[in-house]
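The structure that follows is given in the form of structure tokens.
We did not get these values from a lab; they are worked out from the coordinates using the rules stated. Just so it is clear, the structure is predicted and the values come from calculations on it, not from any experiment. Every residue, glycine among them, receives a Cβ derived from its backbone with ideal geometry; neighbour counts consider all protein chains shown.
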Amino acid sequence: MELELRHLRVLCAIADAGSVGRAAALLGASQPATSTQLRRIERHLGAPLFERTALGVAPTCFGVEVLAAARDLLMRADGLGRRPDSPDGPARRELRLAATNSPMLPGLVTRARQQRPDQRFTVTSVYRSSDIVDLLEQGDADAAVAVDYPGQELHHSPSVAHRGIVTEPVFVVLPADHRLRHRTEIDLVDLADEDWFLTPDDGAGWHGVFYGACAAAGFTPATVHAFLGGRLELQEMVAAGLGISAVQATTRPLAHVVVKPLAGTPIWVRHLLVWRPGGVSGEVVETLFGAAAAAYRDLIAASPAFQAWAARTYRPTRP
């Protein structure tokens, strides 16, 4: 078979819906036909694009890369024949972007500015995802990058829409001389007696997710220090031997710390693009989404720990 734009639209629909059945309904097709088409595409590409979860399906690491490229191609195809505004045309439009402390933000904004020179981007840092929703619903922001957790989808009114950019595992950062530093993956229960640095609740349920994972592993953290600071400051505290912390999977470690996956991946976090459909065009949404996905690919490329984990976790199947 040859991949066509309609195949790419099927993949994007499945990713957006989080379910083959829901995607089929949106596409006006049957679930068996959509499942068959997905299997044909996966055979053509030589590896699975989605994996089953308790809530439906989620992209594999390879699937994230394919989806990012697919969205980029679809955006370019949809833009064929459209002429950019002339230099003497209307003034550049402003897009107010709110964002959590996301490492993909610099790459996202840089790419979006390059792809949409007609748009002026302003960025506001917001820690809590629930506060981001409030800004959007009050009309004080146009689009945003936020987070939620599988099984705890971000709540918002119908005036706001969201799309998952990527769902990634949560890793742990340890001092470079830690007793478990040589392990490939670390069982969460083996960290039961550690001092933990825990960032404040993020308005999406982070504390519940963290303590829930610990409880599922059979323990309650012995000591928890509340920490509100930057990613580098957190690593400096860990490097000094003052505690350990959960971190984003693409974290680039400092010289005196190590970043390790947790065995069985007990904690996942989803990064979201959130926007006001009444205030942002579909074309701009696709630009932002493609820029975010490309920025995340760059983070993966600079993260040996994530690459090693993904190679073990997502082993391509033979066609």
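Shape of the stretch 5-78 from its Cα gyration tensor (a ≥ b ≥ c, root eigenvalues): rounded if a/c is under 1.5, otherwise prolate when a/b > b/c, or oblate?
rounded
Please sort by residue number the GluC sites (Glu not before Pro) in the stretch 4-81 whose DSSP state is loop and whose Cβ has at most 16 other Cβ atoms within 10 Å.
Counting only loop positions with at most 16 other Cβ atoms within 10 Å, the GluC sites (Glu not before Pro) in the stretch 4-81 are GLU4.
Okay, next question. Using the Kirkwood radius over Cα pairs, work out the Stokes-Einstein diffusion coefficient for the chain at 10 °C and 1.306 mPa s, in µm²/s as a whole number.
76
Among 130-138, 181-189, what's the highest-first ranking by average C-beta atoms within 10 angstrom per residue?
Details: 130-138: 19.2, 181-189: 14.3.
Ranked from most to least packed, the peptides come out as 130-138, 181-189.
Using 1/(1 + (r/R0)^6) with R0 = 30 angstrom and r between the beta carbons of ASN101 and SER35, what's the FRET efficiency to the nearest 0.05?
On the way: r = 38 Å, r/R0 = 1.27.
In this case the efficiency is close to 0.20.
Would you kindly derive the ³J(HN,Hα) couplings of the stretch 189-202 from the backbone phi angles with the Karplus curve 6.51 cos²θ - 1.76 cosθ + 1.60 (θ = phi - 60°), listing them in order in whole Hz, with x for Gly and Pro?
Karplus-based 3J(HN,Hα) across the stretch 189-202 equals 5, 6, 10, 4, 8, 7, 7, 10, 9, 10, 6, x, 4, 9 Hz.
Please work out the FRET efficiency for the pair THR124 and LEU26, using the Cβ-Cβ distance as r and a Förster radius of 41 Å; give the result to the nearest 0.05.
0.80
Calculated from DSSP H runs of 4 or more alone, at -39500 (n - 2.57) each and per residue, what is the 222 nm mean residue ellipticity of the chain, nearest 500?
-12000 deg cm²/dmol
Moving to a separate point now. Under a Cβ-only charge scheme (Lys and Arg +1, Asp and Glu -1), can you give me the dipole magnitude of the chain about the Cα centre, in debye to the nearest 20?
Dipole about the Cα centre, nearest 20: 1120 debye.
Please give, to one decimal in nm, the separation of the simple spin-label points placed at GLU283 and ASP177, each 7 Å out from Cα toward the Cβ.
5.9
Applying 1/(1 + (r/R0)^6) with R0 = 51 Å to the Cβ-Cβ distance of THR223 and MET1, what FRET efficiency is obtained, to the nearest 0.05?
Once the sixth-power term is evaluated, E becomes 0.35.
Would you mind working out the magnitude of the charge dipole of the stretch 133-250 relative to its Cα centre, with +1 at each Lys and Arg C-beta and -1 at each Asp and Glu C-beta, to the nearest 20 Debye?
Dipole about the Cα centre, nearest 20: 320 debye.
How many angstrom lie between the C-alpha centres of the stretch 131-201 and the stretch 1-56?
Cα centres, the stretch 131-201 to the stretch 1-56: 27 Å.
Continuing with the same structure: I'd like the Karplus ³J(HN,Hα) series for the stretch 16-24: coefficients 6.51, -1.76, 1.60, θ = phi - 60°, whole numbers in Hz, and an x wherever there's a Gly or Pro.
5, 7, x, 6, 5, x, 5, 5, 4
For the stretch 168-268, compute Rg over Rh where Rg is the Cα radius of gyration and Rh is the Kirkwood radius from the inverse mean 1/r over Cα pairs.
So for the stretch 168-268, dividing Rg by the Kirkwood Rh gives 0.91.
Per-residue HN-Hα couplings for the stretch 114-122, Karplus 6.51 cos²θ - 1.76 cosθ + 1.60 at θ = phi - 60°, whole Hz, x for Gly and Pro?
Karplus values, whole Hz, x for Gly and Pro: 5, 7, 10, x, 7, 10, 9, 9, 10.
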